[in-house]
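Inspection log for the structure reproduced underneath, given as structure tokens.
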Amino acid sequence: MNCTRRVIVWLQQYVLKPVVAGITGVVLWGALPQKAVAQADTIDQQHQRLNTRYLKPGMRQYLVYFQHPGKPDRLQLSLWVRQVEKGMQQQTPVFNIHQYWYSADTTRFATFVSTNTAADFSPLYHAAAVGKQVKAYNWSATGITGADAVADNAAAGFKLAFDQPNYNWHLDIETFEMLPLAAGKSFLIRFYDAGLEPPKYAAYRVIGSEVLATWGNREVDCWKLQTTGTYPGGTYVQTYWISKADHEFLKEVDEFGGIYRYKIKLPGLTPDLLSVFQTPGAGKKI
């Protein structure tokens, strides 16, 4: 299941149900020319690993919004908060990543907790709480199962064996920041979205670079990473801007079926919503 499929599922559940009704699947990897696929770097724990030194602890906040061709006078807005922390689990250094997705509709509020090894970002645990439903998973190189220790876990009976290790697709932002980006590079990344279809390789390529004007018109030179493909309703293009100097994910633009989704990293002066008010679910064991 690729990232655009995830966007469509999210749209079906939370934003544009009438628009995407009937779109039930997309191709499982982005379209790259056959020659480029042959030359692509395979990114997984058995081939080329992610460089976890690039992933910096701290808070990131993103403004996420949709533009719909039939509704030019409005935007579907969300704010995503992602907190990356270093920790220990059973004497193993790990990254603990918490996410909080806010919007104007309380039914869309969601929290996520993920634990990955600090050595190569292999997933160990992932949980999602949307509304009153919690789905939590224990994750390893050989498979994923519902977490028995989590109360009222809707995924308690889930089980899927893996033929090789993979990465958590719900942490695509953090994954892209750890890639060895360079001119002309192409990548096949083995991703999995917990509880859904089996893992697949997704194809991405560096299509060039661009200088972005950030806060105070500071210019930041970025690599542009892109994936493309088709789904039953048409074609899609997803493009990501990651800074060359700091491996910082700054911007994303997705286009499918005339709908655009933007994801923009906000500056550090953005208020910390988790401390201003007690966010529902913040600190909750999931």
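The values are calculated or read from the model by the stated rules, or taken from the named source; none is laboratory data. Since the structure is predicted, the reported quantities are computational estimates derived from the model, not experimental observations. Backbone-built Cβ (ideal geometry, glycine too); neighbour counts: all protein chains shown.
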For this session: Report yes if THR106 is more than 30 Å from ILE242 (Cβ to Cβ) and modelled with pLDDT of 95 or more, otherwise no.
Result: no
Problem set entry | Residue match in region 231-242 (condition: touching a residue at least 60 places away in the same chain (Cβ under 8 Å), in contact with a strand residue (DSSP E or B) (Cβ under 9 Å, 6 or more places away or on another chain) and exposed (fewer than 14 other Cβ atoms within 10 Å of the Cβ)) | no
Exercise. What number of residues within region 44-75 are more than 15 Å from GLU248 (Cα to Cα), basic (Lys, Arg) and surrounded by 14 or more Cβ atoms within 10 Å (Cβ to Cβ)?
Worked result: 1
Exercise. Which ones in region 53-75 are of a type outside the set (A, V, I, L, M, F, W, C), in a strand (DSSP E or B) and in contact with a Lys or Arg (Cβ under 7 Å, 6 or more places away or on another chain)?
Worked result: ARG60, TYR62
Seminar exercise, completed: Of (1) without any contact (Cβ under 8 Å) to a residue 40 or more places away in the chain; (2) closer than 30 Å to ASN138 by Cβ; (3) surrounded by fewer than 17 Cβ atoms within 10 Å (Cβ to Cβ), ALA213 fails just (2)
Problem set entry | Residue check, GLN76 polar (S, T, N, Q), touching a helix residue (DSSP H, G or I) at 6+ places or on another chain (Cβ under 6 Å) and modelled with pLDDT under 95 | yes
Exercise. Can you find a residue in region 209-222 that is touching a His at 6+ places or on another chain (Cβ under 9 Å) and not small (Gly, Ala, Ser)?
Worked result: no
Seminar exercise, completed: When region 160-202 is checked residue by residue, the ones that are of a type in the set (D, E, K, R) and in contact (Cβ under 8 Å) with a residue 40 or more places away in the chain are ASP172, GLU174, GLU177, LYS185, ARG190, ASP193, GLU197, LYS200
Problem set entry | region 184-239 - residue that is more than 26 Å from PRO267 (Cα to Cα) and of a type in the set (Phe, Trp, Tyr) and, of those, modelled with the lowest pLDDT | TYR231
For this session: Return yes or no: is LYS251 among the basic types (Lys, Arg) and surrounded by fewer than 17 Cβ atoms within 10 Å (Cβ to Cβ)?
Result: no
Exercise. Condition test on GLU219, is it surrounded by 13 or more Cβ atoms within 10 Å (Cβ to Cβ), among the charged types (D, E, K, R), out of contact with any Pro (no Cβ under 7 Å at 6 or more places or on another chain) and under 29 Å from ASN51 (Cβ atoms)?
Worked result: no
Exercise. Would you pick out the residues in region 32-66 that are of a type in the set (D, E, K, R) and at pLDDT 90 or above?
Worked result: ASP41, ASP44, ARG49, ARG53, LYS56, ARG60
Exercise. Here are some residues: SER122, SER140, SER78, SER114. Which one is closer than 18 Å to LEU50 by Cβ, hydroxyl-bearing (Ser, Thr, Tyr), crowded, with 20+ Cβ neighbours inside 10 Å and free of Cβ contacts under 8 Å to residues at least 60 places away in the same chain?
Worked result: SER114
Exercise. Which residue, of ALA182, ALA155, is in a loop (DSSP other than H, G, I, E, B) and crowded, with 20+ Cβ neighbours inside 10 Å?
Worked result: ALA155
